[in-house]
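Q: Can you read through this structure? Questions will come right after.
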There are 2 protein chains.
Amino acid sequence: MGRYDLALIGFGGVNRALAELISRSGERLAEELGFALRVVAITDLRAGSLVDTDGIDLAPLLAAEPGELSFAGRAGGSADPRNEWVIREVPADIVVEATFTDPTDGEPALSHVRWALESSKHVCTTNKGPVALAGRALKQLAAERGVGFEFEGSVLSGTPILRTVERMFAGLEVTGVQGILNGTSNYILGRLEEGVELSAAIAEAQELGYAEADPTADIEGHDVQLKVMILANEVLGADLRREDVFCEGISAITPHEVRDAASKGLRWKLVGSAVRQEDGSVDARVAPLALPAQHPLAGISGPVNAVAFHTDLLGTVTVSGPGAGRIETAYALLSDIIAIHQRHADDDTAPTRPVLKETHRV
Amino acid sequence: MGRYDLALIGFGGVNRALAELISRSGERLAEELGFALRVVAITDLRAGSLVDTDGIDLAPLLAAEPGELSFAGRAGGSADPRNEWVIREVPADIVVEATFTDPTDGEPALSHVRWALESSKHVCTTNKGPVALAGRALKQLAAERGVGFEFEGSVLSGTPILRTVERMFAGLEVTGVQGILNGTSNYILGRLEEGVELSAAIAEAQELGYAEADPTADIEGHDVQLKVMILANEVLGADLRREDVFCEGISAITPHEVRDAASKGLRWKLVGSAVRQEDGSVDARVAPLALPAQHPLAGISGPVNAVAFHTDLLGTVTVSGPGAGRIETAYALLSDIIAIHQRHADDDTAPTRPVLKETHRV
């Protein structure tokens, strides 16, 4: 059995959940998947960086409170994240990128991905910025270097969306996609339906941990806009920039409008859509829509997300599931690693290292 | 480019739709899929049988009215379906089985599948009977003969359900499935919600072509029971017989009950479920349930079907789409053929025949 050595870039909720999965269930997963996983480097803005090419012992790191974790003073550790150095120089097979992304330039995630691909390392990321803003260039770079670039978690966390198109729809033509791509705004619309005012619904969503301290990206549709770009580009082969995607959020909707629509059997939803036009171009947009009850997205409630695929032979197929969550997003990364393995198991980048019985250092 | 020669067993709506797809879009599909499809035999209870190992010219057959088609008198044709002879003796690569199935013994579909596998031919079928009642034995026979046995269309027509588990859920544990697996009963429950009496709703469903002349299998849950067996056995690794699956249909539900539940935000649905128990066994049942609005199946309306997969790391992921339809089910067969190609492209059963430019006989 082979093994992949991982560099975890960012050690917030998601990569920490992945580390927990590897630490707790690594042996069971290895038996099922046919390969083992080992973490050889971790970087984090707050904790610094930690490198051990013999494999980092994860248990003590996971035992520490997230806010109190520091790599400084540990063997191979530093208070400095040293992201570029770790990504380029540490001999990892796969760089697992789960930091954060600026919606206008994709940074710092974009640089992390690019450095890794330039170093001929496989990459998986949960960040939508690099995929939405530079997906085509990054995919080309990955192809040139013969490595994998996977990003299922950039849309609907671990719920399989991009890979559903790739693996399930051979022989079908997808003519358009419509999605509920942001759980926070969907939760808030549900509360408006129940008569709660927007500001109170936002405060609730913040208390529940759905919404950020600054909820603008959720409320004004900017988060959905990037996801629509990914769907348009990946599913429909478009090459859209951010300014090509019309974007209207939910801040102008009143509880009265939402309840009035509900009384007529309609449900307001913030819908991101990308639809092939007759001239072959793709119209992509984000806007609130009052959907009839029988629309496949009308019943998607609360923090659940969904994508409806409109196809030629099969009509509409809809996949719904979690759109966020640390474990759910960590699963997206695991599914990416599995995809990298499946695609590259026969070439030179496949793991060739023997697995040692003792993966933890004494 | 290679080619698969097909024997179509049954030439009702589904295999006819597949023949139309091959006839109209075969070249485009071949370009996309990397292999061509040719029909070398067709059998049908009413039309008889037709064999041409140089490839049947489909266009004239498709031009005939379905009820008036007869193979007798054509070159290679007979009024006799000759199913066993065609399946065993005609040199096809893949037997495409779309006849019908008795819910108690799976026949005649079960024999068709068995004959084909015994003859070392790949098989795909849309019939749930053979899969539900003899899936394990047939899969073993296929494995012994080194051929494929695919049956995505046995549950939710072409909507990917069985293959979603196989291709999307690596590393996940599926702890249970719940499904709306019969469009007729789901349509009728929706009409009861709107105040229509059961008998009137059944008559409507018959008029719309959803329900059979004898609607018992739809109304009493027997159709769902077989599909639950397939889900329990395929997804959860159970080995259930029909008597292991408790089955209650919707005939005892009144419009009053359904509307009363709706007024409380609950929706009655006929739910087929299979859930792993603490002792490792699988509890499988068919029963009407009043689901709360936020349940992933509550919003599934009309003839749409859906399956909710409950998993350890990803929570609940739901796939919904068409549960019937001739083109949708023909796509299930196409997706099965693609799966057979992907799995067997490297072994001896892969198509080795060169594709001739002229696939139709003069």
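The values are calculated or read from the model by the stated rules, or taken from the named source; none is laboratory data. None of the values given here were measured: they were computed from a predicted structure. Cβ placement follows ideal geometry from the backbone for every residue including glycine, while neighbour counts extend to all protein chains displayed. When the accessible area is computed, the model is the full protein with side chains, heavy atoms only, and any ligands, DNA or RNA have been set aside. Shrake-Rupley method; radii C 1.70, N 1.55, O 1.52, S 1.80 Å.
Q: Go through the range B:321-333 residue by residue and tally those that are within 9 Å of chain A (Cβ to nearest Cβ) and either assigned to a loop (DSSP other than H, G, I, E, B) or open to solvent by 10 Å² or more (accessible area, probe 1.4 Å) (or both).
A: 4
Q: Of A:271, A:235, which residue is over 30 Å from residue A:196 (Cβ atoms), under 19 Å from the mean Cα position of the chain (by Cα) and more than 14 Å from every other protein chain (Cβ to nearest Cβ)?
A: Residue meeting the stated conditions: A:235.
Q: Sticking with this one: For residue A:103, indicate whether it is surrounded by fewer than 19 Cβ atoms within 10 Å (Cβ to Cβ), more than 26 Å from residue A:322 (Cα to Cα) and in contact (Cβ under 8 Å) with a residue 40 or more places away in the chain.
A: Numbers: surrounded by fewer than 19 Cβ atoms within 10 Å (Cβ to Cβ): yes; more than 26 Å from residue A:322 (Cα to Cα): no; in contact (Cβ under 8 Å) with a residue 40 or more places away in the chain: yes.
In short, no.
Q: Given the residues A:290, A:308, which is the only one that is open to solvent by 20 Å² or more (accessible area, probe 1.4 Å) and modelled with pLDDT of 95 or more?
A: Every option except A:290 fails the conditions.
Q: Any idea which of (1) within 14 Å of chain B (Cβ to nearest Cβ); (2) more than 22 Å from residue A:157 (Cβ to Cβ) is the one residue A:4 doesn't satisfy?
A: (2)
Q: Checking residue B:316 against (1) in contact (Cβ under 8 Å) with a residue 24 or more places away in the chain; (2) open to solvent by 20 Å² or more (accessible area, probe 1.4 Å); (3) within 11 Å of chain A (Cβ to nearest Cβ), which single condition isn't satisfied?
A: The number of the failed condition is (1).
Q: Mind checking whether some residue in the range A:254-267 is on the phi > 0 side of the Ramachandran plot and free of Cβ contacts under 8 Å to residues at least 60 places away in the same chain?
A: Yes, the conditions are met somewhere in the range A:254-267.
Q: A follow-up question, please. So, in the range B:178-199, exactly how many residues are aliphatic (A, V, I, L, M) and within 14 Å of chain A (Cβ to nearest Cβ)?
A: Residues that pass the stated criteria total 2.
Q: Further question: Kindly evaluate residue A:120 against the criterion of being open to solvent by less than 10 Å² (accessible area, probe 1.4 Å) and at positive phi.
A: Values: open to solvent by less than 10 Å² (accessible area, probe 1.4 Å): no; at positive phi: yes.
No: the conditions fail for residue A:120.
Q: May I pose another question? Find the residue count for the range B:270-287, including only residues that are over 14 Å from residue B:245 (Cα atoms) and open to solvent by 50 Å² or more (accessible area, probe 1.4 Å).
A: Of the residues in that region, 3 qualify.
Q: Further question on the same structure: In the range A:89-110, which residues are more than 15 Å from residue A:135 (Cβ to Cβ) and part of a helix (DSSP H, G or I)?
A: A:89
Q: Here's another thing I want to ask about it. Helices (runs of 4 or more DSSP H) wholly in the range A:150-208 with at least 1 residues that are in contact (Cβ under 8 Å) with a residue 60 or more places away in the chain and buried (at least 19 other Cβ atoms within 10 Å of the Cβ) - which ones?
A: A:162-168, A:183-193
Q: Also, quick follow-up: In this structure, is residue A:78 among the small types (Gly, Ala, Ser) and farther than 22 Å from residue A:331 by Cα? Working first, answer last.
A: Numbers: among the small types (Gly, Ala, Ser): yes; farther than 22 Å from residue A:331 by Cα: yes.
Yes: the conditions hold for residue A:78.
Q: With the requirement that a residue be among the small types (Gly, Ala, Ser) and open to solvent by less than 20 Å² (accessible area, probe 1.4 Å), what does the range A:244-269 give you? Please lay out each step first, then the result.
A: Of all residues in the range A:244-269, those among the small types (Gly, Ala, Ser) come to A:249, A:251-252, A:261-263, A:265.
Those that are among the small types (Gly, Ala, Ser) and open to solvent by less than 20 Å² (accessible area, probe 1.4 Å): A:249, A:261.
Q: Could you check how many residues of the range B:124-149 are part of a helix (DSSP H, G or I) and either without any contact (Cβ under 8 Å) to a residue 40 or more places away in the chain or of a type outside the set (Val, Ile, Thr) (or both)?
A: Step one: list which residues in the range B:124-149 are part of a helix (DSSP H, G or I), which gives B:128-145.
Among the residues that remain, those that are also either without any contact (Cβ under 8 Å) to a residue 40 or more places away in the chain or of a type outside the set (Val, Ile, Thr) (or both) are: B:128-130, B:132-145.
Residues flagged as part of a helix (DSSP H, G or I) and either without any contact (Cβ under 8 Å) to a residue 40 or more places away in the chain or of a type outside the set (Val, Ile, Thr) (or both) within the range B:124-149 amount to 17.
Q: Which one of the conditions (1) modelled with pLDDT under 95; (2) in a helix (DSSP H, G or I) does residue B:225 fail to meet, given that it meets all the rest?
A: Evaluating residue B:225 over (1) modelled with pLDDT under 95; (2) in a helix (DSSP H, G or I) leaves (1) as the failure.
Q: Does the range A:334-342 contain at least one residue that is closer than 27 Å to residue A:207 by Cα and either at pLDDT 95 or above or more than 10 Å from chain B (Cβ to nearest Cβ) (or both)?
A: No, the range A:334-342 has no match at all.
Q: Right, another one. When you go through B:90, B:96 one by one, which is the residue that is touching a Cys at 6+ places or on another chain (Cβ under 6 Å) and open to solvent by less than 20 Å² (accessible area, probe 1.4 Å)?
A: B:96
Q: With respect to residue A:211, determine if the residue is away from chain B (no Cβ under 14 Å), assigned to a loop (DSSP other than H, G, I, E, B) and touching a helix residue (DSSP H, G or I) at 6+ places or on another chain (Cβ under 9 Å).
A: Answer is yes for this residue.
Q: Residue by residue through the range B:44-84, note down the ones that are of a type in the set (A, V, I, L, M, F, W, C) and open to solvent by less than 40 Å² (accessible area, probe 1.4 Å).
A: B:47, B:50, B:51, B:56, B:58, B:61, B:62, B:64, B:69, B:71
Q: Taking the residues in the range B:27-49 that are out of contact with any helix residue (DSSP H, G or I) (no Cβ under 9 Å at 6 or more places or on another chain) and part of a helix (DSSP H, G or I) as candidates, determine which candidate is nearest to the other protein chains (Cβ to nearest Cβ).
A: B:32
Q: Considering only residues that are within 14 Å of another protein chain (Cβ to nearest Cβ), in contact with a strand residue (DSSP E or B) (Cβ under 6 Å, 6 or more places away or on another chain) and open to solvent by less than 10 Å² (accessible area, probe 1.4 Å), which ones fall in the range B:7-26?
A: Within the range B:7-26, no residue meets the criteria.
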